[in-house]
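Coordinate-derived values only; no laboratory data. These figures come from a predicted structure and were not determined experimentally. Virtual Cβ from ideal backbone geometry, glycine too; neighbours counted across all protein chains shown.
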Amino acid sequence: MKVRESEYEGVWVFIEQHEGKIAGVSLELLGEGRKLADKLGVELAGVLLGYQVKPLCQTLFEYGADAVYLIDDPILKDYRSETYMKGVVDLTNKYKPEILLYGATATGRDLASAVATDLQTGLTADTTILDINTEERLLEASRPAFGGNICATILCKEHRPQMASVRPKVMKAMEPIKGRAGKIVEEPIDLKEESLKTKVLRMIKDMGEKVNLEEADIIVAGGKGLRDAEGFKLVHQLAEVLGGQVGASRDAVEAGWIGHAHQVGQTGVTVGPKIYFAIGISGAVQHTVGMQNSELIIAINNDPNAPIFDHCHYAIVGDAFEVVPKLIEEFKKSIQQGGEVKYG
């Protein structure tokens, strides 16, 4: 549905929370949303749905929000597409933001697609760069396309709100300002439990493999240059010594050397650790898009022309089977002597 753009104003961020804890990506998007709102000269707001979540508003103000649009109701205690879509759509139709951002998480992707369908507007998924065309007040949402070979900038010229989802760790949260204040706009939701198509019977937490690459300070990642599963064990050994998490390229995962939960990149997770080791990884854009925001990147590859060297801070040209055991030995010595792994 075409709309009059002048009716829409403001940048909104959907605030994802689970059991009263704000998802890190939402705080990251507030930081990026603050930049977009300042360029447009408009208000930045968080959209917070849940039950007994009003106390979270203060945190959102401290991380950059000028306002929070809040629906606090028992029916929103657990996430359901049906209830959350109703809440976000109602708020959007009433207050008309020009931009609405979501984290590209399981919840964010589900909700964003449902809202876009109901509002008949566009949605750019898994964006890596956000900017504003100030002359036309257009959100420029850029993301890898054609298998990661190019970066496409997508515009939503005729529909509002302009919507995009962004992966965790792609953007940076701003430093919180303690005591910063804002306004809370509370709204009801017109839903009854008996009228809903879905019911939450109970919540069962995932008891599978525990991998949390998105929060790791140190990640040691390996690729097809390690030849086979036996060679990939070097990655595990170095990660164990450093107290880090194990990551992998898509090639290593598809070869069956490690599970998909460890995959970093366009079809895996996006990370931003303090230290990222890329061992035997060529550096295709599908991988680098997922780790390029790491504070310190150390690449080890025997090909001096490997693309990964264009994205690292320290490059080691050499055979991983010779270099990594030496690193493990030196780190062990340092730790045994009371040293620590330093970075920055």
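Annotations for the structure displayed:
- Extent of region 115-156 along its three principal axes (Cα atoms, max minus min coordinate, largest first): 31, 27, 12 Å.
- In region 190-278, lysine pairs closer than 30 Å at Cα, eight or more apart or cross-chain: 11
- In degrees, nearest ten, helix 24-40 long axis to first principal axis of the chain (Cα): 60
- Radius 9 Å from Cβ of D131, net charge of other residues (Lys, Arg +1; Asp, Glu -1): +1
- Candidate values (1) 20.5, 68; (2) 19.7, 65; (3) 22.1, 68, label of the one derived for Rg and Dmax of the Cα atoms in Å: (3)
- Cα-based Kirkwood hydrodynamic radius, region 5-195, one decimal, Å: 16.5
- Annotation: amide H of G247 within the under-5 Å range of V220, A221, G222, sequence separation 5 or more or interchain, hydrogens built in the peptide plane.
- Helix 106-119 and the long axis of the chain differ in direction by around 40°, with both axes built from C-alpha atoms.
- Per-residue ³J(HN,Hα) for region 43-56, Karplus 6.51 cos²θ - 1.76 cosθ + 1.60, θ = phi - 60°, Hz, x for Gly and Pro: 7, 9, 10, x, 10, 10, 10, x, 10, 6, 10, 4, x, 6
- Here the extension length gained between E322 and E135 equals 61.8 nm, from 0.36 nm per residue of separation less the Cα-Cα distance.
- Under Karplus coefficients 6.51, -1.76 and 1.60, residue-wise ³J(HN,Hα) of region 166-182 in Hz, glycine/proline x: 10, 5, x, 6, 7, 9, 10, 6, 7, 5, x, 9, 4, x, 4, 10, x
- Placing +1 on each Lys and Arg Cβ and -1 on each Asp and Glu Cβ, with no other charges, gives region 5-195 a dipole about its Cα centre of roughly 520 debye.
- Across region 315-326, rounded Karplus estimates of 3J(HN,Hα) from the backbone phi angles (6.51 cos²θ - 1.76 cosθ + 1.60, θ = phi - 60°) give 10, 10, 8, x, 6, 4, 6, 9, 6, 5, x, 5 Hz, Gly and Pro being marked x.
- Shape of region 192-344, Cα gyration tensor, a/c cut at 1.5: prolate
- Distance between the 7 Å Cα→Cβ label points at V185 and K333: 6.3 nm.
- The region of the chain that goes longest without hitting one of the GluC sites (Glu not before Pro) in a DSSP loop, each with at most 12 other Cβ atoms within 10 Å, is 210-339.
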